[in-house]
1. Given the protein chains as shown and a 1.4 Å probe, how many square angstrom of Lys206 are accessible, to the nearest 10?
2. Using only Cα atoms, locate the centre of the range 374-391 and the centre of the range 207-265, then give the distance between them in Å, rounded to an integer.
3. Which shape class, rounded, prolate or oblate, goes with the range 8-92 when its Cα gyration tensor gives a ≥ b ≥ c as root eigenvalues, a/c under 1.5 marks rounded, and past that a/b bigger than b/c marks prolate?
4. 7 Å from Cα along Cα→Cβ at both Ser279 and Lys384: what's the point-to-point distance in nm?
5. Quick query: amide H of Thr282 versus all other amide H atoms, modeled in the peptide plane; which residues come in under 5 Å with a sequence gap of 5 or more or a different chain?
6. One-quarter of the Cα convex hull surface for the range 184-224, in nm²?
7. In the P(r) worked out for the range 58-108, what percent of Cα pairs fall beyond 12 Å?
8. So between Glu209 and Lys176, what do we pick up on full extension, going 0.36 nm a residue minus the alpha carbon distance?
Amino acid sequence: MPRPFAPQSAFVGSSDYQLLPFRFHRLDQQTEILVNECGEFLFVPEGTARKIIQKEFPANSELYPTLKAKHFIYDESSSPLLDVLAAKYRTKFGFIYGSTKLHIFVVTLRCDHSCHYCQVSRQTLNQGQFDMSRDVATAAVDMMLQCPSKHITLEFQGGEPLLAFDTIKYIVSIAKDGAARLGKELDIVITSNLAFLTDDILNYCKAHEIKLSTSLDGPEFIHNSNRPRPGGDSYKVTIEGINRARRALGSSRVAALMTTTQLSLQHPIEIIDEYVRQSFHTIFLRPISPYGFALRSQHKTGYETDAFFEFYKAGLDHILELNRRGYNLVEIYTQILLRKILTPEGTGYVDLQSPSGAGLNVLVYNYDGSAYATDEARMLAEMKDYTFKLGRVLTNSRADIFTSPAFVALLQQGCNQSLPGCSDCAFQSYCGADPVYHHATQGDMTGHRPTSGFCRRNMKVMEHLFSLLRSGDSFIQDVFWGWVTDRNLAEMRASIPQ
Ligand code: SF4
C-alpha cells in the first residue's frame, strides 16, 4: 500500500518544536556545523544553534523543514521520521555486530631491519625461540574461528613474518579448513618488508589468494633512513619485491603503507610523488604510533601533532592537485573520515570507533600465545606494560578473553559518547575513543581531551575536511564522493545525470 502524502500542515513550522540530540561546532566567524546523533550534518549561519535551543527559531524559516527532516528538531507531525532516525542509528553502529573481524598473528619477532620506529622488540635472525609454536598457532586459529563474524581477515605480522613461512603455511591450511567447515569467508594478508620473498612464496600466495602489504616510506633517502638494514638497501629491496609481487599476484594484491617520521614531515610532496612513481593509487598519510620502542627513539621519530597536521594538509592539497591533473590517488585516512561524514555506514577502522575497536574488532595473537587488544597493546607489553593483555590462547577460552578485566576496562572507557570532552563534541560520531593511545600517552585510558594529541589531530583534520566540503569547489566534492563510493573521477562524473 503506497504511503499517502503528508498533509500540508506537516510542512508548516511550529514554535512548539522539541529538540533532538545534536551537537555543534563553529567552523569560522560566519559558519556553524550542526551534527545529529547519526552524524548527519548541516552548515548553518553562526548563531543558529543558540536560536534553535532557545526556541527562537522562526517557524516560517526556510531551514525549518530541513532541521526536521535531518532530525535536529521534531514537532507533532514528526513521529514516522523518528523511526527513520532509529534505523540510521542502527546502521551507523552495524560494525558492532559479528564481533572481531581482524585477527593478527605475530608469527615471529625475528627481523633483518632495525627501523627507528619499530613497534616491537625485534630479534635478530638466529633467535628461533621468538617464533610461534604449532600449539600456539592451533589454539589461536581455534579462537579466531570461534568469533561469530562470517567474514574474517587473517593478517600475518612480525618481526618479518616471511622468516617463519612454514608457520604461515601451517596456519593457512588449518584456518582455511576450519573456515570452509564453518561457512566463513577468509581474507589473508601478509605484512612483510619483502626482503625474503622467493618464487616459492609467491606461488604459494597466488595459489591461496594471499595479499601482500609492505612498507614504503617514500623516496630512497627517506625510506633507507627510516628503515635501516644490513647493506643500507631497504628501498631497493622493497621496490624489487613490489615489482616481483605485482607480476606474480597482480597489482591489486600488493599494497604499501608509509609511516611519518620527523624526516618525512619536511617532504610530503616527495613521498606522495614516490607513490605515484611506483603506480600506487592509494596512500595512507599515517602518523607514528607514540608507543613502545618508538618512544625510545623519539629524538629520531617524535614530533608535535601540529607539525603532522601541516604535513597532512600539504599532502592532501598535493593529492587533490594530482587528481585534478588526471591521476587517481586516494588518501586513506581522509577516505575513512569522509565515509563516516557523508554516508550512513560505519567503518571497520579500529582507531576511529566508539565503542573502541580494541578487542571488539581486532585481536592480536603474539608468538608466545598472549592475546592483546590491538597491535599497539602488544607494543606496550614489549615495554613491560601488560595493561591490555587479555589472556593466553593456550589456557584461556574466548569467553575468558572477552570478560577479562582488561577488555571490560577498554569497553568502559572506550565509548566517546560518555567521555569528558567527547560527549559534547560535534565530531563525536566520526571520531573514536582510543583508550590504548590515552593510556600510553597520558597514563589514563579516559584521557584528557584538551591536551590529547589524538583529539587535536582529529579535530584539526575534521575541521579541514569540513572547510573543503564547505568551499563550494565542485571538483573537490566530486573527488571526495569518488573516494567514498570507490569510483574514479570519470566513473563518478558519468553517473551524475546531466
Ligand atoms: S577525541 Fe576530540 S575530536 Fe574526537 S570526539 Fe573526542 S573531543 Fe571530539
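The values are calculated or read from the model by the stated rules, or taken from the named source; none is laboratory data. All figures in this text were calculated on a predicted structure; none of them were measured in a lab. Positions of Cβ are backbone-derived with ideal geometry, glycine not excepted, and every protein chain shown enters the neighbour counts. Ligands, DNA and RNA are excluded from the accessible area calculation, which covers all protein heavy atoms including side chains. Shrake-Rupley method; radii C 1.70, N 1.55, O 1.52, S 1.80 Å.
1. Lys206 has an accessible surface of roughly 130 Å² with all protein chains in place.
2. Cα centroid of the range 374-391 versus Cα centroid of the range 207-265: 27 Å apart.
3. On the way: a/c = 2.13, a/b = 1.12, b/c = 1.90.
Oblate, because a/c is 1.5 or more while a/b does not exceed b/c.
4. 5.0 nm
5. Correct list: Val330.
6. On the way: hull surface 14.8 nm².
For the Cα atoms of the range 184-224, the hull's average projected area reads 3.7 nm².
7. Numbers: 930 of 1275 pairs.
More than 12 Å apart: 73 percent of the Cα pairs in the range 58-108.
8. Values: separation 33, 0.36 × 33 = 11.88 nm, distance 1.14 nm.
That pair, Glu209 and Lys176, stretches by 10.7 nm at full extension.
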